[in-house]
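Scroll down for the structure; my scribbles are underneath it.
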Amino acid sequence: RHWGPLVVASLAFGKWVWGESMRLFEAFWVTTFGLLSMMILALISFEQYSRFVRQKQLRTFQVAIILSGIYLLALIFGVSPLLGWCGYGPEGYGVSNSLLWKDLTDNSASYIVTAMILGYFFPLTIIMYCYRSIYNLVQLQSNVAIVRTMVSVNVTSLTMNRNHSLLVQERQLATTLTFVILSFFFAWTPYVLINLLNMFTPWVVRYKILATIPALFAKSSTLWWIIIYSMMDRRIKNACRKTCEHFQRSFRIWYFSS
């Protein structure tokens with residue numbers, strides 16, 4: 001999604017090697033899908049909040065309308081620098097591309113501030129509120145479940161096991177999504193802070209390494225999703241374990257037969 005192979009290849013050569021057209025396209029792609037990812041994470045958080053806290057699941061047409069608006073907004077912010085509102089160019093050592101953060105004109109500053117508010121701080125506020133509400137609800141349900149277990153003996157064990165299993169599954173899902181979202185913002189926050197400093201303090205521009213490392217770390221955020229989900233999903237862990245055992249048996253057969 002973030003055109004990692006292009007950046008990795010350029011990093012090996014120490015410069016961007018794909019031409020100016022691909023430079024603009026890579027910057028457009030990263031900006032558009034970076035903003036899109038943040039807003040979709042906010043939508044996921046709100047959907048979890050609606051289902052757990054409000055006990056009201058979003059309807060399909062509601063999700064479709066919200067997603068359409070998110071895609072349209074991300075596309076507008078992605079195309080705007082190509083049309084003159086801010087601009088795209090190299091960042092750091094020139095191996096990756098993004099917005100012209102060091103261009104401190106009113107035109108660029110207005111775009112960057114607007115994009116930061118709508119594409120980072122606003123989604124972050126929604127996510128923090130939604131998951132804080134979910135956490136409070138889980139804590140409350142846990143306390144109520146303990147009290148009911150202590151004072152009630154009329155509930156059958158089968159019903160209790162079903163409710164407990166359902167609660168555990170919901171908690172696992174909420175925990176997995178929480179870690180995925182936190183990893184995404186952990187990857188992007190240094191990049192956002194460095195570039196905000198870059199707008200107001202000239203010393204950041206002098207050290208290109210400060211712009212390069214956070215950019216590469218942010219563009220690796222997709223990898224963190226895969227790692228965390230693989231570590232926390234029991235089915236994926238079991239599949240990986242079986243695959244490793246299969247390769248281990250195959251290696252032993254090959255080694256002793258040879």
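Laboratory data are not the source of any read-out in this text; all were calculated from the coordinates shown. None of these values were measured; they are calculated from a predicted model. Cβ sites come from the backbone with ideal geometry, for glycine too, and all protein chains shown count toward neighbours.
Segment residue 56..residue 114, full-extension length gain: 17.7 nm, with 0.36 nm per residue of separation and the alpha-carbon distance subtracted. Most tightly packed first, judged by the mean number of other beta-carbon atoms within 10 Å of their residues, the peptides 96-103, 113-120 read 96-103, 113-120.
Length available on full extension from residue 244 to residue 72: 0.36 nm per residue minus the Cα-Cα distance, which gives 57.6 nm. Among 37-44, 238-245, 104-111, 81-88, sorting by the average number of other beta carbon atoms lying within 10 angstrom of each residue, highest first, gives 37-44, 81-88, 104-111, 238-245. Each other residue within a Cβ distance under 9 Å of residue 7 adds +1 if Lys or Arg and -1 if Asp or Glu, for a net charge of 0.
What FRET efficiency comes out for the pair residue 85/residue 132, r = Cβ-Cβ distance, R0 = 45 Å, nearest 0.05? My answer for the efficiency is 0.85. Using the Cβ-Cβ distance between residue 125 and residue 12 with R0 set to 45 Å, the FRET efficiency works out to roughly 0.70.
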